[in-house]
Structure formats: structure tokens, C-alpha cells
2 protein chains.
Amino acid sequence: MTTEYRRLRVALLGAGSVGSQVAALLLQHEAELADRAGAHLELVGVAVRDIDAPRDTDIPRELLTTDAEPLLVGSDIVIELMGGIEPARSYLLQALSAGADVVTGNKALLATHGPALFEAADQVGASVHYEAAAAGAIPIIRPLRDSLAGDRVQRILAIVNGTTNYILDRMDLEGADYADVLADAQRLGYAEADPTADVEGYDAAQKAAILASLAFHTAVPLDAVHREGITSVDAPLIEAARKAGYVVKLLAVCERRTDDGREAISVRVHPALVRRDHPLASVHGANNAVFVQAEAAGDLMFYGAGAGGVQTASAVLGDLVSAARRHIAGGIGVGESTRANLPILPIGRATTRYQITLEVDDRPGVLATVAGILADGRVSIATVEQTIIPGDEQARARLVIGTHTALEQDLGETVQRLASSGVVYRVVSVLRMEGD
Amino acid sequence: MTTEYRRLRVALLGAGSVGSQVAALLLQHEAELADRAGAHLELVGVAVRDIDAPRDTDIPRELLTTDAEPLLVGSDIVIELMGGIEPARSYLLQALSAGADVVTGNKALLATHGPALFEAADQVGASVHYEAAAAGAIPIIRPLRDSLAGDRVQRILAIVNGTTNYILDRMDLEGADYADVLADAQRLGYAEADPTADVEGYDAAQKAAILASLAFHTAVPLDAVHREGITSVDAPLIEAARKAGYVVKLLAVCERRTDDGREAISVRVHPALVRRDHPLASVHGANNAVFVQAEAAGDLMFYGAGAGGVQTASAVLGDLVSAARRHIAGGIGVGESTRANLPILPIGRATTRYQITLEVDDRPGVLATVAGILADGRVSIATVEQTIIPGDEQARARLVIGTHTALEQDLGETVQRLASSGVVYRVVSVLRMEGD
């Protein structure tokens, strides 16, 4: 049986590792995709910078063009996988104003110009699909936007950067040092030659902005996301965490909380201690996972490959089929909602639990002094463990303090007071504890 | 700012543990749901069997009625949480033919009369939403139907019954016996007084039929699902699995495979050995998880609460908001596709790996005889471990054989031949190994 389907014109901008796989899958699974979309998805052109550049898959030469503009006005659906802000932003605004639906995997663009794109889409009743931008192949956009639409998300804890998870996981498993594992990760292709975007948390911060915007119906600009990377995580810190029953993960944390009597959100990316029996602790290698706590649904977790050309292409094709179905079914796309527009707290107003590791003089009264400074700073102690530092000539002890939930600015000021108290020899580390 | 929304009339059929939570959330979060749906969702009535029955939440008495019929014709959206086949089936067909969208959590109904409901919806351009029927609060329907629409699902391994997972998990953690844990689970409310639907795998089989239908675009009738429960799983079996690095889980297995050169699917529910480092092995207590292997996306897992009134209500409300958005946006609903309609293999044509545990006479030539019978039966040995049974007077040994992938009917015939071979004293267990 052959069905005569309506034809939809699909343009592809960019043919890198994801784009070339999207083109290949579109051409290979033409008939199956037509059945699923209810429309024949005709790839009308692939805009690239260099027609002769080597690619992961074969794309018919006649589809390749260096001139994107004609593709923007004559297409029903435009897929953007170029990355970067310009010309991606101008191209997509042009495509939307011409009435095309847009599919993009461009997290940098969404995290900085998302609202402008969504508004342009709203004006023509088109939609912007971006499953590939949040957590690679893991379906998280539809669950947050649709499945949990009648619920209220309280918190998202997410491992959204494969490179840093790979590095931290190997440090945890092998007791290896950061620099060694990074070098190995670069050799194996898990990390870029310039790893800054990953190890400094920029990539994760973009994804945090996208997830928080969606979960809390709030426009979250990238510069409102507090960001810390993993470059200061060393082997002794991982080892101490392991002994205490924790693993160190780079987390994107998006949470709703009450601040000074008003509802607000906190969005941040930083290394954190996660209990070993938490579902996120078992996310190994370059895998990603998004742990969601919702008021009614309780704890949910979404796990899978966070990157990879063909894996991410799956998310892009899912979006493409959704966009095509909307074209066929009629009606307008589901707009992005920023109707809540909750205030976004600065990092100082965030609250969480902390683990503070100190080297202190091992003499009477020191613990009382430390405890007094914490109490004065409104930081309440949950656990404390003091151990002698073996072989230390200066009679120093190590003090590991786990706090109850405290305000970040209180904690920061308290740690400064500890450092200058005269009884603390060295602040070894201050780590946030998440997921308890 | 108040927005004047269009009103949509919502009827609720059934006010048990899920239904009463749905009613409560609908009334409590009226304004927030209106913002999300783009429509005011007006609960016009709740059909129940007994108006005075005790309920988990307060529902205004004037909304309760024992007469469902008037609600079916005058509503925009009908939510069915009565359970059972009749009158749920007739009510939903009536509602659909009157043009209402339908939200249901009724897995028994979907697994037996799904195609008739979907066809009735198609005829009027309405849609049937059933997120709550597949895995409780876990968003799995939209990921399978939409996010993976451009991909090809190869296999689903799912823990979709909380009661049996709770029982098997406690047996694994405590070394306890099935009957003791079941009794305790009944006392704690994790298992029903009559546990048959759970422990014999009926509930899981219904969910397997729903998941397989969606994943493979094939109408999977409930009686095509092979079903085995956990009543024969005992403490020694769990202990032997534990020692070998496995955990026993009741799995719903839905897989695509090539049989005699044609594409086909196998859908089955049975206890299986799962490697301890597999993501499904860390699903504890009454939690559920759906592990999906897709051609492009690779391995994905969706984890969360598989049951519970308020948790499942979250899935129902998500569906309600989706249905409302469709009403507002216009256009027709995404129909359920059975366009592939792949043949469903009988259990004999399933393929997997097996662990066969035998007690054999401990004398020369026995292993050769056993190996010969396996080879004759086209069952290839991957691993073998022979141990002396301590303190056994009759000089018997225990033989644990792990096979390569074999055809179920070959395996069954081979085990019968082993049992009657004269060298095998007892077939201790035959278990499928999944997820390797």
C-alpha cells in the first residue's frame, strides 16, 4: 500500500556531526518517516560553509549550498544545527517570519535569544522545537512541557555535560588526577582540544537556563545562571567524598523556593556532593540524566546519551515529525510560556546544605570557637567529624562539617570569618550537597 | 493581570485513589492550570457509584452524581478513572462520538479495546490520552510517540509493576522468602489482599501491550503477550543470582526482531536475570522504570513512581492540559498509528539468553553428555560453572550454564531432553537473561 502524502519542504542549516546524521537518517528512512509524520518530508537543501568539507555521512552534492537565504523563505520546516549566535539567530527569525516551523539544537542561541525566537513564532502561530538543545538524545522537553503541565516542578538536578561527567567518573573510579584524566579524555575524543566550554560549566549553564525557563515558565537569561566548573576538583577531594559515601558531580540545579515570602527560583551550575544511593550517582561515563522533583509526580529521572551525532539526531528527527504533524493537523503550535516570570535569585540567596572541610589547630577550645562562628553566621551544624592529620608535625586536625540548609551568603561570610579566626589553618574545601 | 479564558467542560468518571486526587488538584490549582492550558478547566461533574463513600480528598457534594450519561454528551473532555472494561468502554465510546477528547488511566481497557477507542477518536478528530495507564507518573507515552517519532525503537525492558518490584527487591536485600515478603507487603499496603493481578503478571502484561503497541505501531492484543509471574521465584534462586552478579526482576520485554527473514515483534512478561550494573538493577522498592533501546538515540531510561494516587494524578492532569491545548489551538489530535502492524511472535519464537541450573550426577562423561544435548538442540554454551553440592551424599554436582542467544522453543525442547537424559538429576531453574 502506498499513501499519497502531502509534501513538506525541509531545509537543513549546518552539516556537522549532528546535521550530517540528520540528513542521512532523513534520506534513509524516507518512507517510514512519511508514515509517522503523515507527510512526505522532502529535504530541499543543506546550507554549509564549505561544500567540499569532509562529513560523517554522504549527502547528495546537489543538496549542498553555501547560500542559506533561499532555503529560509521557501521551506515549511527549517532545521538549524549550525551552532553559534550569528547568523543562526537572523536565519531563524527570517524563517519564522516566513511562517516556517523551526527545529534547533542550538543551546547557546536559545539560552541568549530564546524569548525573541518564541515571540517571533507566536506572531505567526508557528513553533520552535528544541529537544536536542537540552540534554542531547534524552527526551526531556516534552515531559517538562506536556507530561508535567498539570503538575508543579519543584527542583531539577541534572547532569547535562557528558565531558565533565566522564572526567569526574574516571577520577572517582580510578583515583586519578584531573589533569591526567582530562588529557586522556582529549585523546579519546571525550573532550575538546580547548575544553573550556565543558570544564568551566558554560555548556551546562546554557542547558540549565533552557530547563529552568521551561520548568518554571520564566525567561531565564544565561547571565542569571551562577556557574562554577570542575577545574578545582582534585583527587583528594574526590577521595574524601568517596570515603564519606558521596560522589562529586557537576550539577545543573534549578529550584523553586520561597525567598523573603515571595516565590522565586535559583538556577546554578557547580560541582556538588551527591549521596551514592541517589539515582544520579549511578550515571557513569559520558551519560547524562535529568532528575526532576514534582509536587504530585514525586521523583522522576530521565537518563541517556547527552551528546553524540546520531544520538542527538534522534531528538532532532522527533522534533521534525512533531512539526510536520502540526502542519498536517492544522492549529497553532504550543507557545513557550513565561507567564510566571518568577524572580531569579542571585547566588547569595540560594539555599542548600554544605560540607566544609577545615584544617585546624589541634588544641582545646578550637571546636568551640569554630562552632561559635558558625552559629553566629546562622549556619547550623548537622554533622561534624574531627580527625588527626597523620604524620603532621604541627599538631593539626581535619574538621569536616556538614551543615543543615543555609543561605549561600551566610555561608560565604561565615567561611571567611572562619578563615581569619586564628584557629583555622586552612579552608580545604567548601562543597554544596544536593539531592538529600 | 487576569486573562479571560475560554471555558472547557471537564467530566470525571470515577473518584477512587487517583480520581479523587485529580478532582482535588483540578479545584486547588484552577488558576495555574488555566494559564497552562490556555483555557479555564471547569469540573462539571464527577460520576461515582456511591455518593457517600469515603474518599481520599474532599469533592464538593454538588459535583458528585451516580448518573454518568449526562456528563458524556455535554463535556469537552472526559476523564475516565473507573477501571474495568464495562461500563468504561461504552462511556468512552459515547463521549468520543459526541466529540469529546478522552483522558484515561484504564490499562485493562486499553490493552483489550484500545484500537476501537482510537478508531472512534479518529472519526471525529478527537484524541485519547493515556499517560497514566502505562507507567503511572513516569512520562513515557510522549517520549515514545513524539520524541522518538523519527527514531526506531528496538527494545523496551520495563519494570512496570511496583508490587512485584517491591517484593523481589526485598527478597534480594534481605534474603527473605517470597511468602513472608508478600505477607509483609500486604500488611504495608504495597500488595492487595488478592495479589493475583500483580504477582501473576497480569498488570504488567496490560502495560506491555500498551507500550509495545505504541513503540512498534502495531495493535498488540493482550492475549498475544506471554505472561509469567513471580510466584515460583524463591530465596535460593535469588541468592544464586546475587552470587553470580545478577538481580531478578519482573520485566515487560517488547522487542523487534527478524524472524525467518521477516520483521516481527515479541512481547512478554516474565522474571529475568538482569546484570547488577544495568540501570534497571538499581530500581528499588515500588519504583518503576522503562529502559528503551532505540536505533539512533541509543539507551534511554525513564524512572519514577509507577503507582500512587497523587503521583498518577500528575500524569492525568498533564494529559488534561494537552487535550485542552488542542481544543484551543484547533487542529485534529495525533492518532494512534498501527501502520506497521508487525506480526507478533508466539513465545516459542522469542530469542534471548538463558541461565540453566541443573543438578547432575558427578561422574565422568556427564558434562560431555549435557554439552552434546545442548549442541544437538541448537543451544550454544557461553559460560559453564560446575560445583560440588556440599554435603551431598549421592555425589551430585550443580551445573550452571549460561547460553548464547537461543530460540525459546529450541531451549524448551533441549531442557526436556536434558531432564530425561539419565545424567540430570534435577532441573533447578531456567531463567531468561535480559539486558546484556
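Just to verify a result, which residue in the stretch B:74-87, among those that are in a loop (DSSP other than H, G, I, E, B) and not small (G, A, S), is surrounded by the most Cβ atoms within 10 Å (Cβ to Cβ)?
Restricting to residues being in a loop (DSSP other than H, G, I, E, B) and not small (G, A, S), the top hit is B:L81.
Can you say whether B:A149 is over 26 Å from A:S147 (Cβ atoms) and not charged (D, E, K, R), as far as the supplied structure shows?
Against the criterion (over 26 Å from A:S147 (Cβ atoms) and not charged (D, E, K, R)), B:A149 does not qualify.
(1) surrounded by fewer than 24 Cβ atoms within 10 Å (Cβ to Cβ); (2) within 11 Å of chain A (Cβ to nearest Cβ); (3) closer than 25 Å to B:D151 by Cβ: which one isn't true of B:G318, the others all being true?
Against the list (1) surrounded by fewer than 24 Cβ atoms within 10 Å (Cβ to Cβ); (2) within 11 Å of chain A (Cβ to nearest Cβ); (3) closer than 25 Å to B:D151 by Cβ, B:G318 comes up short only on (1).
How many residues are of a type outside the set (D, E) and surrounded by 19 or more Cβ atoms within 10 Å (Cβ to Cβ) when one looks only at the stretch B:88-107?
Qualifying residue count for the region: 12.
Pairs needed: first member in the stretch A:219-248, of a type outside the set (A, V, I, L, M); second member anywhere, buried (at least 19 other Cβ atoms within 10 Å of the Cβ) and at pLDDT below 95; C-beta distance under 8 Å; at least 6 residues apart or different chains.
That search, which allows pairs on different chains as well, returns A:P221/A:A111.
Got a sec? Which of B:D58, B:D35 is modelled with pLDDT under 95 and more than 13 Å from every other protein chain (Cβ to nearest Cβ)?
Only one candidate qualifies: B:D58.
If a residue counts only when it is more than 11 Å from chain A (Cβ to nearest Cβ) and either under 30 Å from A:Q28 (Cα atoms) or modelled with pLDDT of 95 or more (or both), which strands (runs of 3 or more DSSP E) contained entirely in the stretch B:256-312 have at least 2 such residues?
It comes to B:262-275.
If I filter the stretch B:418-433 for residues that are crowded, with 20+ Cβ neighbours inside 10 Å and part of a loop (DSSP other than H, G, I, E, B), do I get at least one hit?
Taking every residue of the stretch B:418-433 in turn, none turns out to be crowded, with 20+ Cβ neighbours inside 10 Å and part of a loop (DSSP other than H, G, I, E, B).
Enumerate the pairs (first residue in the stretch B:285-306 and in the same structural domain as B:I167 (by TED's automatic domain parsing); second residue anywhere and of a type in the set (S, T, Y) and part of a strand (DSSP E or B)) with beta-carbon separation below 6 Å, excluding pairs fewer than 6 apart on the same chain, so at least 6 apart or on different chains.
Listed by first residue and then by second, the contacts come to B:A289/B:Y303; B:M301/A:Y303.
Of everything in the stretch B:417-431, what is within 24 Å of B:I238 (Cα to Cα) and either free of Cβ contacts under 8 Å to residues at least 24 places away in the same chain or of a type in the set (D, E) (or both)? Give them in sequence order.
Within the stretch B:417-431, B:A419 is the sole residue that qualifies.
Failed condition for B:R426, given (1) at pLDDT below 95; (2) within 30 Å of B:H113 (Cβ to Cβ); (3) basic (K, R), with all others met?
B:R426 satisfies every listed condition except (2).
If I filter the stretch B:34-56 for residues that are out of contact with any Asp or Glu (no Cβ under 9 Å at 6 or more places or on another chain), in contact (Cβ under 8 Å) with a residue 60 or more places away in the chain and in a strand (DSSP E or B), do I get at least one hit?
no
When you go through (1) over 16 Å from the mean Cα position of the chain (by Cα); (2) at negative phi one by one for B:G298, which number turns out not to apply?
Every listed condition holds for B:G298 apart from (2).
Output the residues belonging to the stretch B:266-290 that are over 21 Å from B:V199 (Cα atoms) and surrounded by fewer than 24 Cβ atoms within 10 Å (Cβ to Cβ).
B:R275, B:R276, B:D277, B:H278
Looking only at the stretch B:50-63, decide whether some residue is farther than 14 Å from B:S20 by Cα and surrounded by fewer than 16 Cβ atoms within 10 Å (Cβ to Cβ).
Looking for residues that are farther than 14 Å from B:S20 by Cα and surrounded by fewer than 16 Cβ atoms within 10 Å (Cβ to Cβ), one finds at least one in the stretch B:50-63, hence yes.
Give the residue, chosen from A:T414, A:T405, that is surrounded by fewer than 20 Cβ atoms within 10 Å (Cβ to Cβ), of a type in the set (V, I, T) and either within 28 Å of A:T258 (Cα to Cα) or without any contact (Cβ under 8 Å) to a residue 12 or more places away in the chain (or both).
Going through A:T414, A:T405 in turn, the sole match is A:T405.
Restricting the search to the stretch B:5-15, which residues are part of a loop (DSSP other than H, G, I, E, B), within 29 Å of A:F216 (Cβ to Cβ) and hydrophobic (A, V, I, L, M, F, W, C)?
none
Within the stretch A:374-383, is there a residue that is among the hydroxyl-bearing types (S, T, Y), within 14 Å of another protein chain (Cβ to nearest Cβ) and not in a loop (DSSP other than H, G, I, E, B)?
Taking every residue of the stretch A:374-383 in turn, none turns out to be among the hydroxyl-bearing types (S, T, Y), within 14 Å of another protein chain (Cβ to nearest Cβ) and not in a loop (DSSP other than H, G, I, E, B).
Since A:A219 meets every condition but one in (1) in a loop (DSSP other than H, G, I, E, B); (2) modelled with pLDDT of 95 or more; (3) not β-branched (V, I, T), which condition does it not meet?
(2)
So in the stretch B:135-169, with the set limited to residues that are more than 9 Å from chain A (Cβ to nearest Cβ) and farther than 27 Å from B:A313 by Cα, which one is surrounded by the fewest Cβ atoms within 10 Å (Cβ to Cβ)?
Among those residues, the one meeting the criterion is B:Q154.
Just to be sure I understand, how many residues within the stretch A:242-255 are modelled with pLDDT under 95 and surrounded by 23 or more Cβ atoms within 10 Å (Cβ to Cβ)?
0
Answer yes or no: is there a residue in the stretch B:334-346 that is hydroxyl-bearing (S, T, Y) and either assigned to a helix (DSSP H, G or I) or away from chain A (no Cβ under 14 Å) (or both).
no
Conditions tested, residue by residue: (1) under 30 Å from B:L144 (Cβ atoms); (2) under 15 Å from the mean Cα position of the chain (by Cα).
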{"position": "A:N161", "(1), (2)": "yes, yes"}
{"position": "A:D177", "(1), (2)": "no, no"}
{"position": "A:E192", "(1), (2)": "no, no"}
{"position": "A:E200", "(1), (2)": "no, yes"}
{"position": "A:A205", "(1), (2)": "no, yes"}
{"position": "A:I230", "(1), (2)": "no, yes"}
{"position": "A:A240", "(1), (2)": "no, no"}
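Would you confirm whether or not the stretch B:16-31 contains a residue that is within 14 Å of another protein chain (Cβ to nearest Cβ), part of a strand (DSSP E or B), touching a residue at least 40 places away in the same chain (Cβ under 8 Å) and under 25 Å from B:V128 (Cβ atoms)?
No, the stretch B:16-31 has no match at all.
What single numbered condition from (1) in the same structural domain as B:A296 (by TED's automatic domain parsing); (2) touching a strand residue (DSSP E or B) at 6+ places or on another chain (Cβ under 9 Å); (3) modelled with pLDDT under 95 fails to hold for B:V153?
Of the numbered conditions (1) in the same structural domain as B:A296 (by TED's automatic domain parsing); (2) touching a strand residue (DSSP E or B) at 6+ places or on another chain (Cβ under 9 Å); (3) modelled with pLDDT under 95, the odd one out for B:V153 is (3).
Taking the condition touching a strand residue (DSSP E or B) at 6+ places or on another chain (Cβ under 8 Å), farther than 30 Å from B:D122 by Cβ and touching a residue at least 12 places away in the same chain (Cβ under 8 Å), does A:L374 pass?
It is true that A:L374 is touching a strand residue (DSSP E or B) at 6+ places or on another chain (Cβ under 8 Å), farther than 30 Å from B:D122 by Cβ and touching a residue at least 12 places away in the same chain (Cβ under 8 Å).
Go through the stretch A:115-128 and give me each residue that's more than 16 Å from A:A212 (Cα to Cα) and in contact with a helix residue (DSSP H, G or I) (Cβ under 9 Å, 6 or more places away or on another chain).
Those that are more than 16 Å from A:A212 (Cα to Cα) and in contact with a helix residue (DSSP H, G or I) (Cβ under 9 Å, 6 or more places away or on another chain): A:A116, A:L117, A:A120, A:A121, A:Q123, A:V124, A:G125, A:A126, A:S127, A:V128.
The values are calculated or read from the model by the stated rules, or taken from the named source; none is laboratory data. Given the structure is predicted, the values throughout are model-derived calculations rather than measurements. As a convention, Cβ positions derive from the backbone with ideal geometry for all residues, glycine included, and neighbour counts pool all protein chains shown.
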